[in-house]
1. Within a 10 angstrom radius of the beta carbon, how do E88, E81 rank from fewest other beta carbons to most?
2. For an R0 of 22 angstrom, estimate the FRET efficiency from the Cβ-Cβ distance between A13 and K63 and round to the nearest 0.05.
3. Between rounded, prolate and oblate, where does the chain land on the alpha carbon gyration tensor, with a ≥ b ≥ c its root eigenvalues, rounded for a/c under 1.5, else prolate if a/b exceeds b/c?
4. With point charges of +1 on the Cβ of Lys and Arg and -1 on the Cβ of Asp and Glu, referenced to the Cα centre of the stretch 3-148, which listed residue (F56, G114, L95) lies farthest in the positive direction of the dipole?
5. If exposed chymotrypsin sites (Phe, Trp or Tyr not before Pro) are those in a DSSP loop with at most 15 other Cβ within 10 Å, what is the longest stretch of the chain that has none?
6. For the stretch 13-68, with only Lys/Arg (+1) and Asp/Glu (-1) charged at the beta-carbon, what is the dipole magnitude about the Cα centre, in debye rounded to 20?
7. Hey, if you put +1 on the Cβ of every Lys and Arg and -1 on every Asp and Glu Cβ in the chain, which of G85, A70, N7 ends up farthest toward the positive end of that dipole?
8. Using the crude model of +1 on Lys and Arg Cβ and -1 on Asp and Glu Cβ, and no other charge, please compute the dipole size for the stretch 21-149 relative to its Cα centre, in debye to 20.
Amino acid sequence: MKIVSWNVNGLRALHRKGNFEWLLKKSPDIFCLQEVKATPEQLPEDVRNPKGYSAFFDFPKEKKGYSGVATYSKVQPDLVEYIMGIPELDKEGRLVTTYFGDIALMNAYFPNGGGGPERLKYKLNFYDEFLRYIEKVRKNGSVLFFAVI
């Protein structure tokens with residue numbers, strides 16, 4: 001199985017430059033994109049629903065044009081999760097976990113700690129909670145794979 005992970009620094013720009021089509025021509029089974037910087041409604045139809053793929057997006061609930069992750073898969077997952085269960089951390093759109101049998105693929109975009117002490121505190125809290133989350137998933141019997149930036 002071919003899995004690709006790419007921090008695209010803006011999915012709309014990636015598409016505009018023709019790189020989304022290039023990626024589709026590579027035909028990965030799954031591709032995980034980070035720093036999407038768009039909600040699904042802001043994307044063209046061929047990016048929201050490319051032929052042959054199911055798409056799963058997590059995006060910021062408050063700050064548009066920021067962070068965001070997308071997982072595209074040729075194989076329909078058994079389950080998709082978009083949250084760790086911590087509202088303060090889940091609102092920035094940083095995680096899509098797709099389950100395929102006993103395999104959990106986590107597509108995560110970790111926060112930057114720059115910008116002062118509050119942002120560093122947020123980043124470290126995200127790391128701590130992410131570790132708790134993956135332990136919970138692992139204890140439920142899943143084998144973990146990561147696409148993390």
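1. On the way: E88 10, E81 18.
Taking fewest neighbouring Cβ atoms as first place, the list is E88, E81.
2. Numbers: r = 18 Å, r/R0 = 0.81.
E(calc), rounded to 0.05, equals 0.80.
3. Numbers: a/c = 2.02, a/b = 1.18, b/c = 1.71.
Because a/c hits 1.5 or more and a/b fails to exceed b/c, the chain counts as oblate.
4. G114
5. Numbers: sites that count: Y66, Y82.
That gives 83-149 as the longest site-free run.
6. Working: 10 positive and 8 negative charges, 36 e Å.
That gives the stretch 13-68 a dipole magnitude of about 180 debye.
7. About the Cα centre, the residue reaching furthest to the positive side is N7.
8. Details: 18 positive and 18 negative charges, 42 e Å.
It comes to approximately 200 debye.
Since every read-out is calculated from the coordinates, none of them should be taken as a lab result. Remember, predicted model here, so these are calculated numbers, not experimental data. Ideal geometry is used to build each Cβ from the backbone, glycine not excepted, and the neighbour counts take in all protein chains shown.
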